[in-house]
Amino acid sequence: MNTRFNEIRKFLNEIVLGKEKQIELCLCCILARGHLLIEDLPGMGKTLLAHTLATALGLDFSRIQFTSDMLPADITGVSVFETADSSFRFHKGPIFSSVVLADEINRASPKAQSALLEAMEERQVSVEGETYALPEPFFVIATQNPLEQTGTFPLPESQLDRFFMRISLGYPDRKSERLLMEKEDRREFLAKAEPIISRTELIGWQQKVKLVKTRPALLDYVQDLIEQSRNSPEFSNGISPRAALDLLNGGRAWALLAGREYVMPEDIQDILPATIGHRFSLSMEQEGHVNIGLNPAHRLLEITPVQ
Amino acid sequence: MEEYCLSRKNLYMLPTRHGFIFSIVLLAMLLVAVNYNNSLAYLMSFTLFSTVLASMLYTQRNLDGLCISYGDCRPVFAGKTLTYTLILSNRTKRDRFDIGIEIKGEQSRRRDFSAYESLNIECSTTVKERGWYPLPPVQVNTRFPLGLLFSWCKPAELERKSLVYPAPAEWQDFPARYTGNSAKPGQSRSNNDDFSGLRQFRNGDSPQHIDWKTYARGKGLHSKEFHGGDMPQMIFSWDDAHGDKEQRISLLTRWIIEAGAQGIRFGLDMPGYKLEPSNDERQVTKCLNFLALY
Amino acid sequence: MSFLTNKFHISSGQELPPDRQALLSLICAFFLSISPHTGRLPAWFALLAIVVLTWRYKIITANVHQPGRFVRISILIIVIFLLFLHYQTLLGRDAGVAMLIALTMLKFLELKSLRDYMLVVFLCLFIVMTSFLYSQSLWLGFYLLAVVIILFTVMMYLNHRDRSDLLGMLKRAASLVLVGLPVAILLFVLFPRLQGGLFGLPGDSHSGLTGMSDTMKPGTINELNLSEKIAFRVEFLAPLPTAQQRYWRGLVLENYQQGTWKENKDGKSTGSLVKYSDNDVIEYTILQEATNKKWIFALDIPISKRAGLRWGSGQTLRSDSVMHERQQNHIKSALVYKFIDMSESELAINMDVSAVTGERVTELAKHLYRQSASDRDYINKVLAYYRNNDFIYNLQPPLLGEHPIENFMLDTRAGYCEHYASSFTMMMRLAGVPARVVIGYQGGEWNEQGNYLIVRQSDAHAWSEVWLDESGWVRIDPTSAVAPERIEYGISAIRQLIEQGQELGNLSQQQLQTVLTLSILSRSLKNFKLFWDGVNTRWYKWVIGFGSKNQISMLKWFGFKQANVRILIILLVALVSLVVIIQAWILFRRKKVLDPAVRQYQIYCQRLSRIGIVRSNSEGPRAFARRVLLLRPDLRELVLPVVEAYIAIQYAGKISNEQHQKLIRAVRNFKPGRRKIALNNS
C-alpha cells in the first residue's frame, strides 16, 4: 500500500511542483472523506491540483466557476420538460462528479454557496422532492479568494466548519518555478496520463482509515487540545465537536499515509493547523499581544503539553 | 543522588513576620469574641484561623513535587569561570506560584511554574582552586498563597562536584632533554623521519612541514606528520618542573595541554604515579584529572 | 539548625513594592470593610476619609511627599480628641470601633512597605469582625464573608510576583476559605465556650430590647400591640393546641394600686399548685427572644421545668438569670388542670378592692351579683353585660378619667384586652369573688415551612382568672365576650377588621372569610416572610445561639457521660487533625498516577535535559527524537530503541510485559555522554 501512495505522490509532485506538504494534506483530506478549501490568489495551480488528483485517482472531474449571478440549479441540476414523452427529466448538474472544483466560491451569492455546502454535507442532492445520491467517493475542492479582494461574499463561520481542511498553495519556490518554465506543458502531460489507482481501491483505503488505532494516550492528547482551546482565554471560541472528530479522522488518514497503523501526537500536530485553522481564532483581547498573522492553531499546539 | 525532589521530608515551614502579626490580630479577635460571647465573631476568628491552616497545606503543596537536578557541567581550569546548569522541574499537573530560587552566588529569582514545566538556569561562578568543586547548594522557597507562611527546602544536598583543573602556568619550554637544539617543540622532529600522513594545519606547525602540494591543489593547509623510530615521546616528570608544589603542577599542566594540542606522545611521571606515554585523546584528560586531584 | 541560620533567611528575598493598583484595591477593601459601620460613625469621618485617602492617592500619583512624623502625630492627636468629644470616652465598643477605623485610615498616610500594606489588611479584618458586635444577621454574615475573601485576595495580590491574574487570585482565595471551612466549623462547635464574658458582659451589649413590662395599667398606650417583633417561637412535639388553647402565661398580677396591676411578691412560688391528668400534657420547645427580664412564657399552664428555671408566683416560670440573649427551653404544660387550695393571705389579696374608686361601678357589681344564682352565673352575667352594652374592642381607646374602672364600665366602653381583663377582675372582686389578672400572649402564627409557631409582641394579651370553689382558678377571657375574633383569628385579623370598619363580635363566618382571605400576592409575600423567618430561626438557633449549653447537650447526645472542657478540647484536637490529614491527603495526592511507560520516557527526557537538550512541552516523542538526533547524531543507537519502544507501548498499543522490559532496558542503557571537553587554554 505504501508503494501505491508513493506512486501517487510521485505523480502528483511531478505535475504540481514544489507543493509536497499541500499534496500530502490533500490526500489526507480525501482519505478522511473530507472536503478541502483552498484559499489563494488566482493562478496558483488550484485547478491543476484538482485535475491531477482526479486523474491520478481515476475519478471524473468537473469544475464549477462560481459567479455572483449563479443559482443553486446551476450546481445541482434542473428538471427539464421533455416533449418526447411529455415528462420532466432531471438533468444532473456539475456537482455529480467525484472530484468537484468549486472555483472562487466566495464570489457566489450565499444562496448558491449553501446549495454546494449542503450537498457536501449530506452527499446527496434534493431537487423537487427527488433525492439523488452523489457519486462515491465525493470530494469537493473549493477555492476562495483572500477576503480582502472586492466583490466577495465571505463564507460564514458555520459554513467554514464544514470544510475538513483549509490550505493555501502560495507561490512556488525559485527552483520549482524554473522547472515549471523549463518543462513541457503539464496539462498536455496530464491529458496523456493514466489513472494510478482505481475508484474501488480508493474506497478501500477510505475504509482502512477507520481501522487506524487511536490509543488512550492519544485520545487524552486530543482532548487536552480541545479543552485547552475551549478554556484558555487566549482563544475566542473552542474547537467544535465536529472539528474534534475531523481532527481525529485526519490524524488517522495522516498516519495511514505515513504507513502506520496507529496515530501519534505528531500526526495530530501536523494536520491541526490545516484542520482547525479556519474554525477558531484568537480572542480579541489577545490579538493585540500576539502577532496578528499567527495561526491560532500553532499557539494552541505550543501551549498544550504532550507526553 | 541524581535528583533532589521536594517532599514533606525535606521541607520546612515557619510563619513570616506578617504571619506573627496576623496571629496577634487573630488572638485579639478571639478575645473580643469570648468577651462579648458573640457567635459570629467566634466564627470569623475560626474562619481566619482555619484559612491560615489551609494555606499551610497550600504553601507546602506549592513546593511538594518540585525536583532539582544539575545538568551538564564541564571541568574548567582554576581561575576560569565554571558554568553549570541547574534544572528545576515541575513533574506534576499542578501549577506553582511564586517559587523563589536561591543559589549561592546568583541573584535570587521568583517565578511561576505551569504544569510539567521545567526550567534550566545557567549559573556561573569563578573557581580558584584545583580539585573537586562542590556545586553550590540550591534552596527553593515560597510564601504562597497569603504571605503569612514561609516554606523552604533543606538546601539540596546533591553533592554534585565539578572537577577543576590546575591553572596552567605561563609557557615554558618542554624539559630541555626534549627540546634539543630547536627552540620550538615542533621543530624537534628530524626531517628524515618516515612520513606517516597529513593532518590539518594547526597554528604553531613548522612551515617546513606544510605540504605545499596539497595547498597548491586548493585543499587548504596541511602539515605532514612523521612517525619515525626516534619520534619524540615525552615523559613529564615531577622533577622537570621547579618551584613549589602548586607551581610544578601548573607547569606540568601547561606542558600537557601543549603536548596534547600538538599530538605529541607523552606520559607523566609523578611520585607514586606513572602514566605510560600515549597520544590517545583521553591522555590529556587522564593527566589533568590526576593533577587536579594531586 | 544550620538551615535556619544560613543566608536563606525567612525575611530575606525580594519583597515587591506595592504599586498603585495595590493601593486602589486596598482602599476598596477598606471601604467594603467599614461599610456596615458607616451609619454609626460620626459624620466628620466622611471628611476625614476623603482627605486622607485623596492625600494618599496623590502621594503615589502626583509625587506629593509623604507626611512627616510630626504631621502624622498631630493629626492623630486631633482625631483622638474629636473622638473623645463625640463619645465622651475612648473605651467601650462604639468608641473603640471608631478609634480602630480612624487609626486604619491614618495608617494609609504612612503606607510604604509591604508590611504596612499587610497591616492595613489585618486591621480591615478586625474591623470586619467588629461589625458582628452590632448585628449577627444572616445577610451581614454573607456580606462579610465576601469581604473577608476579598481581603485575602488583596493579601495574595500584595505577595504575588505576577499580579495580572486578579480573578484567579479571587478564586484561589475563595477556595482557600472553603478548604478551611470544615476546620472552622469544628472549632465553632467544639471550642469551649465560656458562659458570659471574660470580664463580665459589657453593659453596652444589650440595649433597646422591647417586651412586656411587669405591671399593667390599662389606658396607657401599649406599643406592644403594634409591634410585629417576634416574642418567641415554639416547636411542639405533640399536635399543637387549638387557637382557643394558645394562652401563653407570663405573669400573674394580683395587686391593684392606683390603677396599676402588679405582681404579688409574697405569692406562693411552687410548681405544685395544680392537679392534672397525664393525658392532657403537651410538650414543646420555646425559643424566647432576649428580654432583659427573667420571666419565661409557657402555655397555660406549665407543670414542669428544666434546670435553670424556677417557679414564679401563680404557677408561672422564671429564669434564674436575666435573659440577655435568646433562650431555648423545653417545657411541659397541662391543657386541663385544677388549682388546689388557696391560703388566707392569698385570698385576701385577690379580693382586695381598696383601690377601686367610684360608686356607680360598685353599685353595678352588687346589682348584677344580686340577680345571679351562683358565682359562675355571676361570671356569665358580667360577660353578658359586656356583650349587651355596646362595648367596643378598640386598640386606640379614649383616655380614662379619675376612676378608671368605673369610667370604662359605664362611660367609654371602648378598649382592648387590658381594659377588659382589669375591669372584669375588679367586677369579680367587688362582688366578693376572688379574681386576678394574668398577662402573657395569646395566639400565634403557624409557620408551615418551619413547623413552628411564631408569637409576636402584638399578640400580647391579658385575661382574668377567677377562683371558683369547685374548680379552683378558672381562666376567663372577657375580651372574647366582646371580640371573639381576637381569640379565634388573632390580633392581626382584628386589626384588619378594625381597619375595614367592621363591627366586632357579631360577624358571620362568611363575612370573616371574605375579609381574611388574602390576595395571592400578599399570601406569597406572607409565605416568603414565613420561610425567611424559618431560615433566620435556624440561623439563630444553630449559629448565633450556639453556646456552652448546646455543647454540653451535644456531648451527652454523643454518649459522653461527662461533658466538660477537657473532653471538648480532646475531641477538637482529634477531629481537627483528622480533617487536616484528610485534606492534606487529598491535596497532596498526585493528580495522575504516571503510567510506567511515561515514567521511563521521562527518565529519558531528563537525561537528555542534563546534556542540554530539553524537551519542549508540546513536542511529541518522534519530533523530539528527530531533534535530538539532529543535535547529537552520535546518540542514534541509544535514542532509537527508547523512542520505538515507547511509541509502541503508548501509541501503537503493543502493550506486553516483553515490550515494557524492552523499554526499561533501552532507558537503562540510555546514558548520553557529555560532549568532548573543549580545552580553551588561551
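Here are the numbers for this structure:
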{"quantity": "Tabulated pairs, segment B:119-143, first charged (D, E, K, R), second part of a strand (DSSP E or B), C-beta under 6 angstrom, 6+ apart or interchain", "calculated": "B:E122/B:T85; B:R130/B:V164; B:R143/B:F150"}
{"quantity": "Criterion: within 30 Å of A:E201 (Cα to Cα), out of contact with any Asp or Glu (no Cβ under 8 Å at 6 or more places or on another chain) and touching a residue at least 24 places away in the same chain (Cβ under 8 Å) - qualifying residue of A:L155, A:L180, A:L190, A:L169", "calculated": "A:L190"}
{"quantity": "One residue from C:F122, C:F81, C:F108 being over 21 Å from C:G39 (Cβ atoms), loosely packed, with under 15 Cβ neighbours inside 10 Å and under 37 Å from the mean Cα position of the chain (by Cα)", "calculated": "C:F81"}
{"quantity": "Residue in segment B:257-271 that is acidic (D, E) and closer than 21 Å to B:W132 by Cα present", "calculated": "no"}
{"quantity": "Among the candidates B:K274, B:K219, residue that is at pLDDT below 75, out of contact with any Lys or Arg (no Cβ under 6 Å at 6 or more places or on another chain) and among the charged types (D, E, K, R)", "calculated": "B:K219"}
{"quantity": "From C:S423, C:S372, C:S354, residue being more than 28 Å from C:E263 (Cβ to Cβ) and among the small types (G, A, S)", "calculated": "C:S372"}
{"quantity": "Residue in segment B:71-118 that is farthest from the chain's Cα centre (by Cα), counting only those that are at the interface with chain C (Cβ under 8 Å from one of its Cβ atoms), farther than 26 Å from C:L587 by Cβ and of a type in the set (S, T, Y)", "calculated": "B:S108"}
{"quantity": "Cβ pairs under 6 Å, 6+ apart, first in segment A:214-231 and within 13 Å of chain C (Cβ to nearest Cβ), second surrounded by 13 or more Cβ atoms within 10 Å (Cβ to Cβ) and of a type in the set (V, I, T)", "calculated": "A:T214/A:V263; A:L218/A:V263; A:Y221/A:V306; A:D224/A:T304; A:L225/A:T304; A:Q228/A:T304"}
{"quantity": "Those helices (runs of 4 or more DSSP H) lying entirely in segment A:1-82 with at least 1 residues charged (D, E, K, R), surrounded by fewer than 16 Cβ atoms within 10 Å (Cβ to Cβ) and in the same structural domain as A:M165 (by TED's automatic domain parsing)", "calculated": "A:2-15, A:20-31"}
{"quantity": "Residue count, segment C:550-560 (criterion: within 14 Å of chain B (Cβ to nearest Cβ) and touching a residue at least 12 places away in the same chain (Cβ under 8 Å))", "calculated": "1"}
{"quantity": "A:E121 vs. criteria in a helix (DSSP H, G or I) and either touching a strand residue (DSSP E or B) at 6+ places or on another chain (Cβ under 6 Å) or surrounded by fewer than 16 Cβ atoms within 10 Å (Cβ to Cβ) (or both)", "calculated": "yes"}
{"quantity": "Residue list for segment C:292-318, filter: within 22 Å of the chain's Cα centre (by Cα) and of a type outside the set (K, R)", "calculated": "C:N292, C:I296, C:F297"}
{"quantity": "Some residue of segment A:295-306 being buried (at least 21 other Cβ atoms within 10 Å of the Cβ), of a type in the set (G, A, S) and either at pLDDT 80 or above or not in a helix (DSSP H, G or I) (or both)", "calculated": "yes"}
{"quantity": "Qualifying helices (runs of 4 or more DSSP H) (wholly inside segment C:583-658; at least 3 residues being away from chain A (no Cβ under 12 Å) and within 16 Å of B:S89 (Cβ to Cβ))", "calculated": "C:596-610"}
{"quantity": "Test: C:L114 is surrounded by fewer than 21 Cβ atoms within 10 Å (Cβ to Cβ), more than 28 Å from C:L178 (Cβ to Cβ) and touching a residue at least 24 places away in the same chain (Cβ under 8 Å)", "calculated": "no"}
{"quantity": "B:V76, sole failed condition from (1) crowded, with 19+ Cβ neighbours inside 10 Å; (2) hydrophobic (A, V, I, L, M, F, W, C); (3) closer than 30 Å to C:A174 by Cα", "calculated": "(3)"}
{"quantity": "Segment B:42-69 residues that are more than 8 Å from chain C (Cβ to nearest Cβ), paired with ones that are modelled with pLDDT of 95 or more and crowded, with 21+ Cβ neighbours inside 10 Å (beta carbon under 6 Å, 6 or more apart)", "calculated": "none"}
{"quantity": "Single unsatisfied condition, B:L14 versus (1) of a type outside the set (G, A, S); (2) assigned to a helix (DSSP H, G or I); (3) within 7 Å of another protein chain (Cβ to nearest Cβ)", "calculated": "(2)"}
{"quantity": "Enumeration of residues in segment B:225-239 that are of a type outside the set (A, V, I, L, M, F, W, C) and at pLDDT below 70", "calculated": "B:E225, B:H227, B:G228, B:G229, B:D230, B:P232"}
{"quantity": "Condition met for C:W248 (buried (at least 22 other Cβ atoms within 10 Å of the Cβ), in contact (Cβ under 8 Å) with a residue 12 or more places away in the chain and not in a loop (DSSP other than H, G, I, E, B))", "calculated": "yes"}
{"quantity": "Candidates C:R495, C:R486, C:R475, C:R436, filtered to the one that is out of contact with any His (no Cβ under 6 Å at 6 or more places or on another chain), under 19 Å from C:A243 (Cα atoms) and crowded, with 19+ Cβ neighbours inside 10 Å", "calculated": "C:R486"}
{"quantity": "Filtered residues of segment B:120-166 (kept if touching a Phe, Trp or Tyr at 6+ places or on another chain (Cβ under 7 Å), within 10 Å of another protein chain (Cβ to nearest Cβ), assigned to a loop (DSSP other than H, G, I, E, B) and buried (at least 18 other Cβ atoms within 10 Å of the Cβ))", "calculated": "B:R143, B:F144, B:P145, B:L146, B:L148, B:P155"}
{"quantity": "Subset of segment C:273-309 that is in contact (Cβ under 8 Å) with a residue 12 or more places away in the chain and among the polar types (S, T, N, Q) - its residue that is surrounded by the fewest Cβ atoms within 10 Å (Cβ to Cβ)", "calculated": "C:S277"}
{"quantity": "Residue selected from segment B:241-280 under the condition surrounded by fewer than 20 Cβ atoms within 10 Å (Cβ to Cβ) and of a type in the set (A, V, I, L, M, F, W, C), by the criterion nearest to B:W171 (Cα to Cα)", "calculated": "B:I257"}
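The rows are residues; the columns are (1) in contact with a Lys or Arg (Cβ under 6 Å, 6 or more places away or on another chain); (2) outside the structural domain of C:Q600 (by TED's automatic domain parsing); (3) more than 19 Å from A:P265 (Cβ to Cβ); (4) at pLDDT below 85.
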| residue | (1), (2), (3), (4) |
| --- | --- |
| C:P633 | no, no, yes, no |
| C:P641 | no, no, yes, no |
| C:E644 | no, no, no, no |
| C:A648 | yes, no, no, no |
| C:G653 | yes, no, no, yes |
| C:S656 | no, no, yes, yes |
| C:R665 | no, no, yes, no |
| C:R674 | no, yes, yes, yes |
| C:A678 | no, yes, yes, yes |
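The rows are residues; the columns are (1) part of a helix (DSSP H, G or I); (2) more than 8 Å from chain B (Cβ to nearest Cβ); (3) at pLDDT 95 or above.
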| site | (1), (2), (3) |
| --- | --- |
| C:D116 | yes, yes, no |
| C:L119 | yes, no, no |
| C:M129 | yes, no, no |
| C:L133 | no, no, no |
| C:Q136 | no, no, no |
| C:L144 | yes, no, no |
| C:L158 | yes, no, no |
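The values are calculated or read from the model by the stated rules, or taken from the named source; none is laboratory data. Nothing here was measured: the structure is a model prediction, and the numbers come from that model. For neighbour counting, all protein chains shown are included, and Cβ atoms are generated from backbone atoms with ideal geometry for every residue, glycine included.
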